[in-house]
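Okay, so here's the structure we're looking at.
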Amino acid sequence: MSRFDAVVLAGGAARRLGGVDKPGVTVGARPLLDRVLDACRGAGRTVVVGGRRPTVRPVRWVREEPPGGGPLAALSAGLRLVEADTVVVLGGDLPFLGEAAVAALVGELGAEEGAEGVLAVDGGGRDQPLTAAYRTEPLRREIALLAAEHGTLPGLPLRLLMDELVLRRIGSGPGTSLEGASFDCDTWEDIAAARSRIREHGHVLDEWITAVKAELGIELDVDTDVLLDLARDAAHGVARPAAPLTTFLVGYAAAQAAGSGGSAEGARAVAEAARKAAALAARWADEGSGPAEPAGPTGPVDPTGPTGPTSPSEGDGSS
């Protein structure tokens, strides 16, 4: 994938949310802004236009002048810190944006030689210029021309910029590479819908694992199927409490093995530790299902003593 920077606009007034701090509103116990920052972790440089706050990833901060001057002024401010030839421009309220969607936007732009931008189109056919990838220089050029034409950028609609660019549009409906990516949270109804969706059966486990990793400061990519299979084997083959304890020990062993090797080495260490623990659980289960001790002589046993000779001097009297 081509190198890219990212600009995240996170300084809106959130009037339809009653003026709350929208980037800090949580979905799945994670602030909306942090969810977007996770999606653009592949960026060489990430610029957030808005008020400073703790974030899950390191970013560069900037504010438009004046603060609250609108998305066009905010984008202009963010572009001043961009270095890459491609920039992904995102709203700070996209709960379902993922790395795959960002990669798809960048990839499509790279494949379209004549395009100056690739943006998502929502289910209603509306352009989503804050779920998009652009070539940096045309973006700067057109913003400068708009500033010269109107004498100012604050208050101008982003649509004026879109009208001047050569754009390619991609649907973000079900089954597309951008599925759900352009869903933004403008109202409390949107927030409620997002919170409900991540608790659906097909999403909840991935959402929970991502939230835990973010909370613990872990960037390790783990094969959850491997760990779930291990937990099942430990619970069934040993005892139910063995499941969480075994997965904890696998994680601890993986951390020791990974050391300073980075996330890739850590992921391999998890897989290897899980394999060993699963094999141990299988041996434990096999041992428990077999005979308790080697088979002895058949027939009735005299409870008062041995049933046969116990030493060379004892026998049937023959010599």
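The values are calculated or read from the model by the stated rules, or taken from the named source; none is laboratory data. Remember, predicted model here, so these are calculated numbers, not experimental data. For neighbour counting, all protein chains shown are included, and Cβ atoms are generated from backbone atoms with ideal geometry for every residue, glycine included. Heads up: the accessible areas ignore ligands, DNA and RNA and are worked out on the full protein's heavy atoms, side chains in. Shrake-Rupley method; radii C 1.70, N 1.55, O 1.52, S 1.80 Å.
Taken residue by residue, segment 247-268 has no member that is at pLDDT 85 or above and over 30 Å from ARG57 (Cβ atoms). There is no residue in segment 217-227 that is within 22 Å of ALA10 (Cα to Cα) and either out of contact with any His (no Cβ under 9 Å at 6 or more places or on another chain) or β-branched (Val, Ile, Thr) (or both). Close contacts from segment 269-280, counting a first residue that is without any contact (Cβ under 8 Å) to a residue 24 or more places away in the chain and more than 16 Å from ARG232 (Cα to Cα) and a second that is open to solvent by 30 Å² or more (accessible area, probe 1.4 Å) and assigned to a helix (DSSP H, G or I), with Cβ to Cβ under 7 Å and a gap of 6+ residues or different chains, come to ALA269/ALA257. The residue that is farthest from ALA77 (Cα to Cα), counting only those in segment 113-134 that are in contact with a Ser or Thr (Cβ under 6 Å, 6 or more places away or on another chain) and of a type outside the set (A, V, I, L, M), is ASP122. In summary, GLU200 fulfils each of the numbered conditions (1) among the acidic types (Asp, Glu); (2) modelled with pLDDT of 90 or more; (3) exposed (fewer than 11 other Cβ atoms within 10 Å of the Cβ) with the single exception of condition (2). Residues of segment 1-42 that are touching a strand residue (DSSP E or B) at 6+ places or on another chain (Cβ under 8 Å), farther than 16 Å from GLU99 by Cβ and in a loop (DSSP other than H, G, I, E, B): ALA10, GLY11, VAL25.
Scanning segment 150-159 for residues that are under 18 Å from GLY91 (Cα atoms) and open to solvent by 40 Å² or more (accessible area, probe 1.4 Å) turns up PRO154, GLY155, PRO157, ARG159.
Does GLU219 satisfy being at pLDDT 70 or above, in a loop (DSSP other than H, G, I, E, B), open to solvent by 50 Å² or more (accessible area, probe 1.4 Å) and under 30 Å from LEU37 (Cβ atoms)? Against the criterion (at pLDDT 70 or above, in a loop (DSSP other than H, G, I, E, B), open to solvent by 50 Å² or more (accessible area, probe 1.4 Å) and under 30 Å from LEU37 (Cβ atoms)), GLU219 qualifies. Scanning segment 74-96 for residues that are charged (D, E, K, R), touching a residue at least 40 places away in the same chain (Cβ under 8 Å) and open to solvent by 20 Å² or more (accessible area, probe 1.4 Å) yields GLU83, ASP85.
Within the span defined as segment 47-56, one or more residues are touching a Gly at 6+ places or on another chain (Cβ under 7 Å) and either without any contact (Cβ under 8 Å) to a residue 12 or more places away in the chain or within 29 Å of ALA111 (Cα to Cα) (or both). Of all residues assigned to segment 173-189, at least one qualifies as being open to solvent by less than 70 Å² (accessible area, probe 1.4 Å), among the β-branched types (Val, Ile, Thr) and either closer than 26 Å to GLY42 by Cβ or part of a loop (DSSP other than H, G, I, E, B) (or both).
Checking each residue in segment 12-34 for being open to solvent by 10 Å² or more (accessible area, probe 1.4 Å) and out of contact with any helix residue (DSSP H, G or I) (no Cβ under 6 Å at 6 or more places or on another chain) picks out GLY12, ALA13, ARG15, ARG16, GLY18, GLY19, VAL20, ASP21, LYS22, GLY24, THR26, ASP34.
Taking the conditions (1) in contact (Cβ under 8 Å) with a residue 60 or more places away in the chain; (2) more than 15 Å from the chain's Cα centre (by Cα) in turn, VAL62 satisfies each one other than (1).
Filtered by the rule that a residue be of a type in the set (S, T, N, Q) and either assigned to a helix (DSSP H, G or I) or exposed (fewer than 14 other Cβ atoms within 10 Å of the Cβ) (or both), segment 97-149 gives a lone residue, THR136. Of all residues in segment 84-97, none satisfies being over 26 Å from the mean Cα position of the chain (by Cα), of a type in the set (S, T, N, Q) and over 22 Å from PRO31 (Cβ atoms). Residues of segment 35-68 that are open to solvent by less than 10 Å² (accessible area, probe 1.4 Å) and over 27 Å from GLY217 (Cβ atoms): GLU64 alone.
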